[in-house]
1. Please list, in chain and number order, the residues 5+ apart from ILE34 or on another chain whose amide H is under 5 Å from its amide H, with Hs placed from the backbone.
2. Under 8 Å for C-alpha pairs, at least 6 residues apart: give me the relative contact order for the range 4-182, rounded to a whole percent.
3. Given Cα positions, please report Rg to Rh for the range 4-182, the hydrodynamic radius being the Kirkwood one.
4. When the Karplus curve 6.51 cos²θ - 1.76 cosθ + 1.60 is applied with θ = phi - 60°, which whole-Hz ³J(HN,Hα) does each residue of the range 102-109 get, with x for Gly and Pro?
5. Nearest 10 degrees is fine. How inclined is helix 4-22 to the longest principal axis of the chain, computing both from alpha carbons?
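Every read-out reported here was derived from the displayed coordinates using simple, explicitly stated rules and does not represent laboratory data. No experiment lies behind these values; they were computed from the predicted model shown.
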Amino acid sequence: MKTKTYAYVVTAFSAAIIAVLAQISIPLPLGVPITGQTLAIGLIVTILGTKYGTLSVLLYILLGAAGLPVFSQFSGGLGILVGPTGGYIIGFLVQAFLMGLYMDKLGTTYAHAIIANLFGMVITLAFGTTWLKIVADLSWTAAFMGGVAPFILVGVLKAVAAAWLGIMVRNRLETARLLPSLS
């Protein structure tokens, strides 16, 4: 199974996982919900690495931008990307790329996966909060209180879970000789 077709099928399947976990959503004020997207992205990048992890996130964003209801609460379209949550969604792409680079360079161990996932959380929150401040015309304090504070504890929990599950799945895929073809 060392074909490009296999890698692209895994990439598409991974984008679908992000779309499914995006529907796990807890609405909060300012229109930025707690979702399963960051868990999915951390998990997928930990498993697939930079190239296919980032491609999965890019595919997810493109599907949503095209209008498919893959974003949180079964939403989609360019309006979501320019709305209050758009910065978080664009941040997912940067998160995936930088997390993957970190683990590619320093190794995909539990410790590095946790650090990469925490780093990824910070990246997404920075992009999202900056965009939220601009779109909603908020002060930095209000943007922080609505766009960062509610996500810190749950973000840390999701980062640790994504790292732990990701390393476990990655190790099993490597043992089954299913992962090396994705490199």
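1. ILE26, LEU28
2. The value is 25 percent.
3. 0.97
4. 4, 6, 4, 7, 9, x, 9, 10
5. It works out to around 30 degrees.
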